[in-house]
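K.L.:
Dumping the structure here so I can ask a few things about it.
The values are calculated or read from the model by the stated rules, or taken from the named source; none is laboratory data. In this text the structure is predicted, and so the values were computed from the model without any measurement. Here the Cβ positions follow ideal geometry from the backbone for every residue, glycine too, while neighbour counts run over all protein chains shown. Remember, those area values only see protein heavy atoms, side chains included, never the ligands or the DNA or RNA. Shrake-Rupley method; radii C 1.70, N 1.55, O 1.52, S 1.80 Å.
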Amino acid sequence: TKKILYLTLSKWMKLYKGIVWQASSEYEQQDITNALKKDAVQIKIAPNLVSGQSVNTTRTFKNLGSLKVVFLSRVSRKKNLDYALRVLTALHGDIIFDVYGPIEDTAYWQECQSIIRQMSANIQVAYQGEITPEKVGEIFSRYHLFLFPTRGENFGHVISEALRAGCPVLISDQTPWQGLEEQQAGWVVPLAQLEKFQTVLKTVV
């Protein structure tokens with residue numbers, strides 16, 4: 001509500017007349033266009049810079065029939081943790097799913113905990129709390145897969161962090177990161193295809 005009120009007033013006062021907007025991706029460009037509606041705006045796309053240097057860590061060995069999965073992000077509805085939990089419920093084998101990040105929405109976290117309580121005994125879910133930025137690479141190196149079915153990212157720094165640590169990713173199609181399967185770096189699956197998320201996970205297990 002506050003955002004709608006602010007945007008309405010700012011457009012009426014022409015606060016942004018003559019401004020050039022910088023977007024980090026086509027997704028963010030579309031967000032700006034949608035927010036400002038019919039106002040004529042000039043938008044330049046300047047992608048965020050990502051370090052090409054890999055993280056010097058030891059990868060975790062994987063056994064057939066087991067899988068260590070990580071979710072590293074804010075616990076909020078936009079990041080879609082509940083979707084990740086529902087996807088995991090179809091898996092057989094020894095599954096570990098650890099969640100890292102601040103709990104921003106306690107009501108939403110309670111919804112997620114309700115799903116966790118109904119999960120099979122073969123799937124161990126644990127909330128590991130918040131971590132400092134310098135530990136992110138080392139955390140990713142402990143897992144076989146980063147599961148991140150986000151509802152939308154303008155860039156997705158956490159995805160690049162996982163890839164730098166050598167951790168494959170299974171993400172939604174709501175980020176600028178595309179074509180990962182062709183690069184043998186992970187999978188990009190539309191959110192509407194929950195069963196395809198499950199198929200990929202079963203293959204990884």
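K.L.:
Looking at L5, L85, L49, which is the one that is modelled with pLDDT of 95 or more and either out of contact with any Lys or Arg (no Cβ under 8 Å at 6 or more places or on another chain) or among the basic types (K, R) (or both)?
P.N.:
Going through L5, L85, L49 in turn, just one is modelled with pLDDT of 95 or more and either out of contact with any Lys or Arg (no Cβ under 8 Å at 6 or more places or on another chain) or among the basic types (K, R) (or both): L85.
K.L.:
For region 76-90, name all the residues that are crowded, with 20+ Cβ neighbours inside 10 Å and in contact with a helix residue (DSSP H, G or I) (Cβ under 6 Å, 6 or more places away or on another chain).
P.N.:
Hits for region 76-90 are L81, L85, V87.
K.L.:
Test F197 against the criterion of being crowded, with 18+ Cβ neighbours inside 10 Å, among the aromatic types (F, W, Y) and part of a helix (DSSP H, G or I), and give yes or no.
P.N.:
Numbers: crowded, with 18+ Cβ neighbours inside 10 Å: yes; among the aromatic types (F, W, Y): yes; part of a helix (DSSP H, G or I): yes.
Yes.
K.L.:
Quick one: would you say L201 is hydrophobic (A, V, I, L, M, F, W, C) and in contact with a Pro (Cβ under 6 Å, 6 or more places away or on another chain)?
P.N.:
Answer is no for this residue.
K.L.:
Hey, among A121, A126, which residue is in a loop (DSSP other than H, G, I, E, B), at negative phi and not charged (D, E, K, R)? Quick ask: steps written out before the conclusion?
P.N.:
Working: A126 fails: in a loop (DSSP other than H, G, I, E, B).
After ruling out the rest, the residue left standing is A121.
K.L.:
Right, another one. Given the criterion among the hydroxyl-bearing types (S, T, Y) and in contact with a Phe, Trp or Tyr (Cβ under 9 Å, 6 or more places away or on another chain), identify the matching residue among Y108, Y127.
P.N.:
Of Y108, Y127, the one residue that is among the hydroxyl-bearing types (S, T, Y) and in contact with a Phe, Trp or Tyr (Cβ under 9 Å, 6 or more places away or on another chain) is Y127.
K.L.:
How many residues are within 22 Å of R74 (Cα to Cα), in contact with a Pro (Cβ under 9 Å, 6 or more places away or on another chain) and among the small types (G, A, S) when one looks only at region 159-198?
P.N.:
The total comes to 3.
K.L.:
For region 167-193, give me the residue count where each residue is farther than 14 Å from G152 by Cβ, open to solvent by 50 Å² or more (accessible area, probe 1.4 Å) and touching a residue at least 12 places away in the same chain (Cβ under 8 Å).
P.N.:
1
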